[in-house]
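Coordinate-derived values only; no laboratory data. As the structure is a prediction and not an experimental result, all values here were calculated from the model. Cβ atoms come from the backbone with ideal geometry, glycine included; neighbour counts cover every protein chain shown.
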Amino acid sequence: MKRLLAAALLAASALGGTAHAGPLDATGQWSVTSRGSAPLPPMGWNSWNAFNSDIDEEKVLAAAKALVDTGLAAKGYVYVNIDDGWWLRRRTSDGRLMIRTARWPSARSKDPAGSFRPWTDKLHAMGLKAGIYSDIGRNSCGQAYTAQFAGQPEGTVEEREVGLYGHVQQDIALFMGAWNFDMLKVDGCGIRAMSPANPLVASGQYRALGPLIDYETLPNTDIAAVRALYTEVGEAMDKTRPRGDFVYSLCLWGSADVRSWAGKVGNMSRTSEDISPNWERMLHNLDAASRRELYAHPNSWNDPDMLFVGTGVFDMDHLTEARSHMTLWAMLNAPLIIGYDMRKASPALLGVLGNSRVIALNQDAAGNQAVLAYDGETVQIFVKTLADGTKAVAVLNRSGSPVDVTLTAAHLKYRADAPVALTDLWDGGERSFTGEAPLHLESHQTLLLKATGAREHPGGLYLSEMPGSVNPAVDGVVHPMADPLVHRGLLPWRSTRGDGEHPLYGGWGGARADATPFAQTPKIAGKTYASAIGVLANSRIEVQNHGFATFTAEAGIDDAAADPDARVRFSVHADGKRLMQTEWMKRGDQPAMISVPVKGAKIIELVAEGSRPLMQDVPVTWGKAALDR
Ligand code: GLA
């Protein structure tokens, strides 16, 4: 036992803590950031998907006016975000950023650097909010990847260094203070693309920086340094806007293990590379976020990138695909950021973007990202538990052919012997079923239904039904690995050149609802669990208790654990106080039956302490984990 204890202490210190306060020690705290303000997924419009960096005031103002005139603003689409292309240069005498005022008349001022204050004043007077864009490095994504597009910074090497690097306090005070923007998106190309080997750097166009991010190879990424840079920006935002009335959007495309730390730093975080208006790319972006249901919470959301509704395969002639894209983003609790030239918006398109029933799902107060009830390459079934305890279900046909599927009451965690009432959220149609419902899906169609039935677990909620309140603060992933389940479609700008698409997004082994960290059905000693939290050993999960009295679970090492010698002991804590602890358990042991009173406690913590420091091959299962009244 002494040896095991020593190993556990070693485990704690390997995870970055000290013997006094290891990462597995209960804190009684909810560690999702309270910085900024995004209790619900932010909604609005951004210039990039519509215009790339070729932007001007007329185009963006037209979008702002359209949001108001079409009623979309009243439905919640209030952020009007300028993306890449607004900057002209950095003035070297005082480091002040200069606006491309030739394209932004209202920004012209006595100081030739210009000011966006009249612009944000105008948006605010329209009842809207204003967003702006920068980069964490010295240079922008446009400079690194799309230099042929309009709106690139001009001047000397130094003048073209428009990113935040070395100017954090000054730029944040300008954006969020003097200019009064409400939202800031911070891209990461300046610390990814400007390696000494980049021909743009080697030829003297840009200074080398890092790279701190190796997008293809996670072990070559300086995760701590990337996190520190983004944290510094967040702290500068806190200082500039102490009331916290802002949104801080991280754009690292799922790199730098951002999955594990975005929740402590910013209000939304990109989970993949840029979306394109084609089906395969939409699937790619969907997949990078869809199995990260436990990493999205009120005030810090997964961001699978902006909507492309209106363009390409999501245009007016493809309303099935457009509705699928919108449905899936709503179910994922993605920020709903329109990327379309609103001057061209038709009633049909406004019907997709403005469907109040679909928006209401995205904006549901419980903040639960949908959980995969069925996860296949052809069909996926997503279920989202709403604040009133009812369910929304989206049945997606990923394929290009029609398909017949069966929705079961069990997918919804409803009883099979009682009727389930369904409302189609797109057309309002109503029907009901008992046990099973046969459904027919056209190519690329997503059925979106609201479902009301008799709960299988009437006394409370399974933790996997409340992912917005469950936070894997320490998820046991020590060496982040790319997630092999993310769809790797053709990249339009690469086609089949090179040796193919490889898994890139770091998230494999992260905690899951109703699945093991490696996407299997949770199983302890031969018993499978349809409802469970799956996580690696050496983990600590925080749970917000919204007035429940009892926590119950069947805990054990999952049958999928590779190592028969691994040992894990499970403990449950309420507001930092330990309520129970199991003996050290091994694979194949019967689950520990846990039932503890938690009445009045705000934070419950579930700790699975492992017998050695690296336990990435040892998934554990909190089977039927539930909070009951
Ligand atoms: C990156 C981001 C995009 C967009 C462009 C601008 O690619 O991921 O969302 O901001 O940069 O250049």
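Descriptive notes on the structure:
- From phi via Karplus (6.51, -1.76, 1.60), per-residue ³J(HN,Hα) for the range 583-588 in Hz, x at Gly/Pro: 5, 5, 10, 10, 4, x
- Amide H partners (placed H, <5 Å) of His297, local residues excluded: Asn302
- Rounded Å value of the spacing that divides the Cα centres of the range 195-231 and the range 335-349: 35
- In summary, the aspartates and glutamates within cross-link reach of Lys586, defined as a Cα separation below 19 angstrom excluding same-chain residues under 8 places away, comprise Glu554, Asp558, Asp559, Asp563, Asp565, Glu609, Asp617.
- Projecting the Cα atoms of Gln590, Ala532, Ile603 onto the charge dipole of the range 527-629, computed from C-beta unit charges around the Cα centre, puts Ile603 farthest toward the positive end.
- For the range 331-472, the dipole from Cβ point charges (+1 on Lys and Arg, -1 on Asp and Glu) about the Cα centre works out to 320 debye, to the nearest 20.
- Contact order for the range 470-629, expressed relative to its length and based on alpha carbon pairs under 8 Å spaced 6+ residues apart, stands at 29 percent.
- Any cysteine of the chain lacking a neighbouring Cys Cβ under 4.7 Å - listed by number: Cys251
- Nonlocal amide H pairs with Trp45, under 5 Å, H built at 1.01 Å: Tyr79, Val80, Asn81, Ile338
- Charge dipole magnitude, Cβ of K and R +1, D and E -1 - the range 315-379, Cα centre, debye nearest 20: 300
- Counted as membrane-span-like here are DSSP H helices of the chain whose alpha-carbon atoms extend 15 Å or more along the helix's own axis and whose Kyte-Doolittle mean is 0.5 or above; these are 2-14.
- Whole-Hz couplings from phi, Karplus 6.51/-1.76/1.60, listed for the range 354-360; x for Gly and Pro: x, 5, 4, 5, 6, 4, 4
- Violating pairs (Cα-Cα greater than 27 angstrom) within the set Lys75/Lys239; Lys344/Lys384; Lys527/Lys599; Lys122/Lys264; Lys59/Lys129; Lys239/Lys384: Lys75/Lys239; Lys344/Lys384; Lys527/Lys599; Lys122/Lys264; Lys239/Lys384
- Positive-end residue of Pro118, Leu286, Thr385, charge dipole of the chain with Cβ unit charges: Pro118
- Estimated vicinal HN-Hα couplings, Hz - the range 161-173 in sequence order (Karplus 6.51, -1.76, 1.60; Gly, Pro = x): 8, 8, x, 6, 4, x, 9, 4, 4, 5, 5, 5, 4
- Toward the positive end of the charge dipole of the chain, with +1 on the Cβ of Lys and Arg and -1 on the Cβ of Asp and Glu, the farthest Cα among Leu88, Leu504, Phe246 is that of Phe246.
- Fraction of beta bridges assigned by DSSP in the chain that are antiparallel (%, nearest 5): 80
- Size of electric dipole in the chain: Cβ of Lys, Arg +1 and of Asp, Glu -1, about Cα centre, debye, nearest 20: 1240
- Local net charge near Leu614, Cβ-Cβ under 15 Å (Lys/Arg +1, Asp/Glu -1): -3
- Whichever aspartates and glutamates have a C-alpha closer than 19 Å to that of Lys450, once near sequence neighbours (fewer than 8 apart) are set aside: Asp364, Asp388, Asp417, Asp424, Asp427, Glu430, Glu436, Glu465
- Based on C-alpha pairs under 8 angstrom that are at least 6 apart in sequence, the chain has a relative contact order of 13 percent.
- Dividing the summed helix terms, -39500 (n - 2.57) for each DSSP H run of n ≥ 4, by the number of residues in the chain produces a 222 nm estimate of -5000 deg cm²/dmol to the nearest 500.
- With the simple model of a label 7 Å out from the Cα in the direction of the Cβ, Gln29 to Ala197 spans 4.0 nm.
- Cα pair distances exceeding 48 angstrom across the chain, given as percent: 13
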